[in-house]
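Chemist: I am attaching a structure below and will ask some questions about it afterwards.
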Amino acid sequence: MKAIIIGASSGMGRELAKILAREGYEIGVVARRQELLASLQKEIHSPIFLKQADISCPEESMALVGALIQEMGGVDLAILSSGVGFLNPDFDWNKDKETIEVNVLGFCAMANVFMKHFLSQGQGHLVGISSIAALRGSGCYSASKAFVSNYLEGLRHQMAKKQRAITITDIQPGFVDTAMAKGHGLFWVAPVERAARMIYRAIQKKKVHAYITSRWRLVAWLLKWMPCCLYDRFF
Ligand SMILES: NC(=O)c1ccc[n+]([C@@H]2O[C@H](COP(=O)([O-])OP(=O)(O)OC[C@H]3O[C@@H](n4cnc5c(N)ncnc54)[C@H](OP(=O)(O)O)[C@@H]3O)[C@@H](O)[C@H]2O)c1
């Protein structure tokens with residue numbers, strides 16, 4: 001089996017790369033920080049394909065990832081783990097802009113490259129790392145993740161209608177102990193290794209959706225059904 005992970009230089013993407021390599025996958029890893037991709041290669045001890053790409057430049061990164069797919073002779077699994085998130089109480093436009101460029105534009109560009117490839121080979125599995133934040137509004141990050149989850153649901157719907165053997169998985173983590181988890185009052189913060197193991201299990205089972213960790217299902221349920229007046233008051 002062959003897999004490409006976008007956003008594999010750190011955090012969950014990096015841990016998933018290690019798990020997939022251990023499980024015998026041939027892997028390709030993509031991110032901006034090449035030195036971290038190189039150190040991942042040393043850790044993994046088996047040859048991996050590296051590609052430095054900035055997904056906020058969609059056309060350029062689509063061409064690079066397309067070339068990587070060709071180099072690897074096709075892939076069966078694509079994990080879109082890249083993402084940025086900022087606390088932005090002062091409405092710094094550059095932060096919102098980067099969030100949209102990476103989490104929306106870049107995500108969509110990568111999803112397009114892999115979907116086209118999966119359709120041409122008749123099978124494949126696309127996994128997107130969204131967030132529990134997708135469920136309610138709390139700034140540009142949560143809006144970008146709502147886009148991710150909604151987009152993945154749409155892809156799944158389209159594939160079901162076309163009766164294609166292409167699986168789409170939406171992963172919604174709560175808090176995971178990576179550079180991304182910022183701010184005060186974090187709770188139920190999962191170690192990154194555990195989160196990656198759970199994501200891998202969801203991939204193996206070809207789940208359409210998973211909360212990481214599963215106890216976040218409770219928070220999701222509360223967030224989904226909480227009336228606006230209560231949400232505005234408590235969050
Ligand atoms: N940690 C949490 O609590 C949490 C909770 C919910 C959802 N998530 C989501 O989980 C995913 C993984 O995040 P993480 O927690 O593992 O954080 P992380 O360690 O910061 O990983 C983010 C990854 O995205 C890559 N990336 C960022 N901008 C990029 C760009 N322009 N082009 C290419 N790659 C880019 C980074 O690589 P380079 O910087 O090297 O490019 C890095 O590999 C993200 O989508 C995040 O939104 C995280």
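Chemist: Residue check, Met62 against (1) touching a helix residue (DSSP H, G or I) at 6+ places or on another chain (Cβ under 7 Å); (2) of a type outside the set (D, E, K, R); (3) open to solvent by 60 Å² or more (accessible area, probe 1.4 Å); (4) away from the ligand (no atom under 13 Å from the Cβ), all met but one. Which one?
Modeler: Here Met62 meets the rest and fails (4).
Each row is one residue, and each column tells you yes or no for (1) open to solvent by less than 20 Å² (accessible area, probe 1.4 Å); (2) within 10 Å of the ligand (Cβ to nearest atom).
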site: Gly128; (1), (2): yes, yes
site: Arg164; (1), (2): no, no
site: Ile168; (1), (2): yes, no
site: Phe175; (1), (2): no, yes
site: Lys207; (1), (2): no, no
site: Leu222; (1), (2): no, no
site: Asp232; (1), (2): no, no
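Chemist: When you go through Asp92, Asp96, Asp76 one by one, which is the residue that is away from the ligand (no atom under 12 Å from the Cβ), farther than 21 Å from Thr213 by Cβ and touching a Cys at 6+ places or on another chain (Cβ under 9 Å)?
Modeler: Values: Asp92 fails: touching a Cys at 6+ places or on another chain (Cβ under 9 Å); Asp76 fails: touching a Cys at 6+ places or on another chain (Cβ under 9 Å).
The unique qualifying residue is Asp96.
Chemist: Would you call Ser39 in a loop (DSSP other than H, G, I, E, B) and either near the ligand (Cβ under 8 Å from one of its atoms) or open to solvent by 30 Å² or more (accessible area, probe 1.4 Å) (or both)? If you could, list the steps in order and put the result at the bottom.
Modeler: On the way: in a loop (DSSP other than H, G, I, E, B): no; either near the ligand (Cβ under 8 Å from one of its atoms) or open to solvent by 30 Å² or more (accessible area, probe 1.4 Å) (or both): yes.
So Ser39 fails the test.
Chemist: Being assigned to a helix (DSSP H, G or I) and farther than 22 Å from Thr99 by Cβ: is that true of Ala196 here?
Modeler: Values: assigned to a helix (DSSP H, G or I): yes; farther than 22 Å from Thr99 by Cβ: yes.
When the stated conditions are applied, Ala196 passes them.
Chemist: Name the single residue that is farthest from Ile6 (Cα to Cα) among those in the range 42-57 being assigned to a loop (DSSP other than H, G, I, E, B) and touching a strand residue (DSSP E or B) at 6+ places or on another chain (Cβ under 7 Å). Explain how you work it out, then say what you get.
Modeler: Step one: of the range 42-57, the residues assigned to a loop (DSSP other than H, G, I, E, B) are 45-48, 53-57.
Next, only the ones that are touching a strand residue (DSSP E or B) at 6+ places or on another chain (Cβ under 7 Å) stay: 48, 53, 55.
Working: Ile48: 14, Ala53: 9, Ile55: 9 Å.
My answer is Ile48.
Chemist: For the range 180-192: of the residues being over 16 Å from Ser214 (Cβ atoms) and either in contact with a Lys or Arg (Cβ under 7 Å, 6 or more places away or on another chain) or more than 12 Å from the ligand (Cβ to nearest atom) (or both), which is least open to solvent (accessible area, probe 1.4 Å)? Before you say what the answer is, go through the steps one by one.
Modeler: Pass one, the range 180-192, residues over 16 Å from Ser214 (Cβ atoms): 180-186, 192.
When the remaining residues are screened for being either in contact with a Lys or Arg (Cβ under 7 Å, 6 or more places away or on another chain) or more than 12 Å from the ligand (Cβ to nearest atom) (or both), the result is 184-185.
On the way: His184: 187, Gly185: 67 Å².
Only one residue fits best here, namely Gly185.
The values are calculated or read from the model by the stated rules, or taken from the named source; none is laboratory data. Remember, predicted model here, so these are calculated numbers, not experimental data. Note that we place each Cβ from the backbone using ideal geometry, even for glycine, and neighbour counts take in every protein chain shown. These accessible areas exclude ligands, DNA and RNA; they are computed on the full protein's heavy atoms, side chains included. Shrake-Rupley method; radii C 1.70, N 1.55, O 1.52, S 1.80 Å.
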